[in-house]
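What follows is a set of notes on a single structure, which appears directly below.
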Amino acid sequence: MREGLIRRVSEDPPIVAVDLREAEDADLLEISRGMGLALSLPEMKAIKEKFGRPLTDVELQTFGQTWSEHCIHKTFRGVVETESGAVEGLLKTYIARATRELDRPWCFSVFEDNAGLVDFDNGHVIAAKVETHNHPSAIEPFGGAATGVGGVIRDILGVWGEPIAVSDVLCFGPLDIGYSELVPGIKHPRYIYKGVVAGVGSYGNNMGIPNVSGAIIFDRNYTGNVVVYCGCFGILPKRSYIRQTMEGDLAVLVGGRTGRDGIHGVTFASTDLPEESEGLRSAVQIPNPLVEERLRRAVIRVRDGRLASGITDLGGGGISCATGEMASRSGLGLIVNLDNVKLKEGGVAPWEIWVSESQERMLFSVPSRNLENTSRIFEDEELEWCVLGSFNSTKRLKATYRGATVCDLGLDFLYSPPRIKRRAVRVETAPRPLMLEEPEDLASEILSLLSDPNVGSREGVVRTYDHEVRGATVVKPVQGESGSHNDAGVIKPLKDSWVGVVISCGINPFYPDPYWMAACSLEEALRNNVAVGGRRIAILDNFVWGNPEREDRIGSLLRACEACYDFAKAFGTPFISGKDSLYNESPMGPVRPTLLITGVGIIPDVRKAVTSNLKAAGDPIYLLGTTKEEVCGSAYLRSKGVEGGDWPRVDPSVSKRVMNALTKAIDLGIVAACHDLSDGGLGAAASEMVIGSEEGIFLDLGRGLMSTSRNDFAVFSESAGRFLVEVRSGSEETFEATFEGLPVRHVGEVLREGALRIQDLKGREHVLEKADLLRSWRGD
Amino acid sequence: MDLRKARACILRVGGTNCDAEVRVALEELGLRSDVLHMNWLEKGRLSEYQLLVFPGGFSYGDYVRAGAVWGKKVLTRIRRDLERFVEDGRLVMGICNGFQVLVEAGVLPGGDGSFSTTPRAVLANNKSAKYECRWVFLRGEGSQTPFARRVGNGETLRVPVGHGEGRFLSESEGVLQELIRSNRVVFRYSRPSGEPAKGAYPFNPNGSSYDIAAICNRDGNVMGMMPHPERAFFGWQAVGYGGPQGPADGRKIFEGIIDYIMEL
């Protein structure tokens, strides 16, 4: 780089000025890289053209943070050029459009704030948010995962929500992978798994928030790119949702001290993970749930006292983004005095204070007349606080440090970054022929599938997360002595109402066509929700993809977004919030495109919620939906290491009607037990129901709607839209009438003895004792 | 006494997180309850209450050892008032972290006077070395304590536990034998049949000596328990474990408290 572009303005405090006016393209890129800004050439040029003066390091860092993929979602808001024309923003064109066109009156606030908000009852709304924390978890698994949970809880606090539940979905490499198969810079999956699970459990347990929904996936592809999704759900009185920051209000920072941890977390999340990533440990934040627990108390007290005019959490970009966003959304400006920030250590440079992502901090806007009462609450709860500055009408973000102005930027420019353009190529995926003989011994196939890490018991993890704290959990993630799985969690958040919140997830990264992969994930989230009694479902999207600057990655992202629009519309389920994590690339390659759909439904009376365990011998068993030869990417083929065949597709015209009828049957009280069919198909679902019960199941495959003549496909196909239902004996006629004209068949009975008996398509019987099922499933 | 005049104090400090649900349970039974931060508890204030609850959570992050920091703070801040409260025969209940606090403060099992000068037991790391959230069976042992007066000798209750440090170990074999001899083991972990778990996992979820889930002091007015009865109060909380219809089993423990207060 040419000399003279960067000049030290002051040694103590350390401030440098960067003169972009004379900088050439190579210099601009060098500055972006050298300062860790992760800005592209067009973005650097936009800054260069805007300013007729040198910029301080604090100012340039502000652009780096605010314009990061993490903070502003530039890929989702940018233009995607395809062979058939340009797409003006994936978010606007697909995700938000579905919500806008559905126009549901119960959507209270969508894609606006830190979390999506939907009506709960007349006086309350539910807040929901799901985040990813992949890069930090790859470097420091415990801290990365714990701060992932901590961060998403603050998103709920940041809309004045009282957190009522958390969720986590985790994708790891195989725990038994050989060290020789790892490349430098990649930690062994077992190390990452242990740390992540402990981090998720520790933060939620310490905060006293039950973990009620989740999934764990193992695949070689995640060895280099661990995926950690953390969700949080909250409730608040509608009238407490206050966002009216006014000129003259004070910006008050509360909670943990600011230090050198979490510097450049967002820009780090907006680039690929390099081999020498260990050196980026400083980008990972340090968790302290004890402070956040006190913060939670304070937020709720300030809310109920109606003392503050606005709130937001400090996440990506630290003070720079929180203050800028609050001022920008209120059409105001702000002067921040960085001298007031309480620091963990000495010698922290002004730009570090400005962008540090130290945890457990919240920003309030407080009318000055309320400062005394507000600060008394903070002190009551043993929290440190400071006044950062006050809001004004300048529409500028200004920061001073030791009397010097270190930042002075117009918010309009800061919040309208140049739109970026990405190019997409369409990647066609065509089914390939499947070469697999039909096995003879169905029973041993079922046992071997149950012992697959992707199908087996999650009890060893789930029981380390408290799912009962707060005393409001109705349907638990694990059921009974054997810890079999329920399809969704149900929480009863209000003392004086029987209405429950139903939380579910859907994730199917192994179906190779991104369109159907997304469709199946969405439908699975709904199916899981409906299975326990949920309805009026809002959904959240979380994309985990590779580097969006590569055309094929954008191509598959585009296809997944198309499916999101199509199926959200078809099922009538609006997206209310979402987040994308791109740049998931490691020395072992790009992440498998992974879409998590989270469903948030309600149930009018939690006492009618349905669990998956069997209730009474003699009850009829019904199979809902059609089983097709859709095995590509299934747990069955993956456990055999076989590829090929066709993958599941979703037909909402049938699936939606089946779900509506099931809801009706649940409300009639004639559904005794229900389990959705997903990984491992009918075989896994029936086994899990037996594992969770004293009773057993008899299934006659020939009585189901099967468009296959192969027993293994009948048992292991992962066709969408299917449920296995125990109907209360004597209610068969009502049940069948409810499903008039739909693909529903009476396929078996609940047995007195704990066993799974299957009569196959050729009339042979296969018997699996509960003890054997349990042993395989638990991997004992 | 008239229940409408009685009041419960649910104490909290930083890291406490089960106070709200304990309050819901007590108020459901008609006992007015205040949730108070220990910092706000002025001298003498405790005498306004008939019941003091140390609820669950991770007080002060459970650094050092679960309950150790809060236990010491209790002694330095409110020791005299707490001693008087206990000597008056008022009720003190420690649930989960609250039990750990009472043990760390020497309130349970207690000494010759009222409190022991050093802890005489500990709630150590679970034998499984993991946090355990699961429903267990508790067997009433027929102790003479208000907390168990609604529970028959040998009757089982289904209640969840949620802890990483719940393994009751005593200072010496003598302390354990004295607890057993004086009938101060209130609940033991058991099998569904009501047989004591005899250490078998997961019926005994943490490896406690003698399957101990709850103990009381000499006079029976202080009880500590690892399981959470407030999470098994309403039938809808016990879906899959006896619910959703009718009350859940943990309610009996709170009803015992109410009976006692009404007889005062």
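The values are calculated or read from the model by the stated rules, or taken from the named source; none is laboratory data. None of these values were measured; they are calculated from a predicted model. Quick reminder, even Gly has a Cβ in these numbers, built from the backbone with ideal geometry, and neighbours come from all protein chains shown.
Taking the stretch A:538-647 as the region of interest, the strands (runs of 3 or more DSSP E) fully inside it that hold 3 or more residues being within 29 Å of A:Ser448 (Cβ to Cβ) and at pLDDT 95 or above are A:594-603, A:620-624. Quick check on the stretch A:537-556. Is at least one of its residues in contact with a helix residue (DSSP H, G or I) (Cβ under 8 Å, 6 or more places away or on another chain) and within 14 Å of chain B (Cβ to nearest Cβ)? No, that holds for no residue.
All conditions but one from (1) more than 27 Å from A:Arg536 (Cβ to Cβ); (2) crowded, with 20+ Cβ neighbours inside 10 Å apply to A:Gly721; the one that does not is (1).
Which members of the stretch A:727-756 meet the condition of being in contact with a Leu (Cβ under 6 Å, 6 or more places away or on another chain) and not aliphatic (A, V, I, L, M)?
Listed by number, the residues that qualify are A:Pro743, A:Arg745, A:Gly748.
In the stretch A:287-306, of all residues being basic (Lys, Arg) and assigned to a helix (DSSP H, G or I), the one that is farthest from the other protein chains (Cβ to nearest Cβ) corresponds to A:Arg303. Mind checking which residues of the stretch A:48-64 are more than 22 Å from A:Glu11 (Cβ to Cβ), over 36 Å from the mean Cα position of the chain (by Cα) and not aromatic (Phe, Trp, Tyr)? Residues satisfying the conditions are A:Lys48, A:Glu49, A:Lys50, A:Gly52. Strands (runs of 3 or more DSSP E) fully within the stretch A:448-512 that include at least 3 residues being among the hydrophobic types (A, V, I, L, M, F, W, C) and buried (at least 19 other Cβ atoms within 10 Å of the Cβ): A:500-506. In the set (1) assigned to a helix (DSSP H, G or I); (2) in contact with a helix residue (DSSP H, G or I) (Cβ under 6 Å, 6 or more places away or on another chain); (3) within 30 Å of A:Leu334 (Cα to Cα), the condition left unmet by A:Arg239 is number (2). Scanning the stretch A:513-531 for residues that are buried (at least 24 other Cβ atoms within 10 Å of the Cβ) and of a type in the set (Ser, Thr, Tyr) gives a single hit, A:Ser521. Consider the stretch B:1-10 and keep the residues that are away from chain A (no Cβ under 14 Å) and not in a helix (DSSP H, G or I). The one that is surrounded by the most Cβ atoms within 10 Å (Cβ to Cβ) is B:Ala8.
The residue list A:Val427, A:Val462 contains one member that is farther than 26 Å from A:Gly255 by Cα, at pLDDT 95 or above and within 26 Å of the chain's Cα centre (by Cα), which is A:Val462.
What's the total number of residues in the stretch A:465-497 that are of a type in the set (D, E, K, R), more than 7 Å from every other protein chain (Cβ to nearest Cβ) and more than 22 Å from the chain's Cα centre (by Cα)?
Residues meeting the conditions: 2.
Among all positions in the stretch A:165-178, there is no residue which is within 14 Å of another protein chain (Cβ to nearest Cβ) and in contact with an Asp or Glu (Cβ under 7 Å, 6 or more places away or on another chain).
Within the stretch A:365-423, the set of residues being more than 14 Å from every other protein chain (Cβ to nearest Cβ) and aromatic (Phe, Trp, Tyr) comprises A:Trp385, A:Phe391, A:Tyr401, A:Phe413, A:Tyr415. Number of residues in the stretch B:215-264 that are more than 10 Å from chain A (Cβ to nearest Cβ), under 30 Å from A:Val478 (Cα atoms) and basic (Lys, Arg) equals 2.
Listed by position, the strands (runs of 3 or more DSSP E) inside the stretch B:22-118 whose residues that are farther than 21 Å from B:Asn217 by Cβ and not acidic (Asp, Glu) number at least 2 are B:32-37.
For (1) under 24 Å from B:Ala129 (Cβ atoms); (2) touching a Gly at 6+ places or on another chain (Cβ under 9 Å); (3) crowded, with 24+ Cβ neighbours inside 10 Å, each residue gets a yes or a no:
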residue: B:Val161; (1), (2), (3): yes, no, yes
residue: B:Phe187; (1), (2), (3): yes, yes, yes
residue: B:Pro192; (1), (2), (3): no, no, no
residue: B:Pro196; (1), (2), (3): yes, no, no
residue: B:Ser209; (1), (2), (3): yes, yes, no
residue: B:Ala214; (1), (2), (3): yes, yes, yes
residue: B:Ile258; (1), (2), (3): no, yes, no
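When the stretch B:127-161 is filtered for residues that are touching a residue at least 60 places away in the same chain (Cβ under 8 Å), under 30 Å from A:Ala198 (Cα atoms) and not β-branched (Val, Ile, Thr), the ones remaining, listed by number, are B:Lys127, B:Ser128, B:Glu132, B:Arg134, B:Trp135, B:Phe137, B:Leu138, B:Arg158, B:Pro160.
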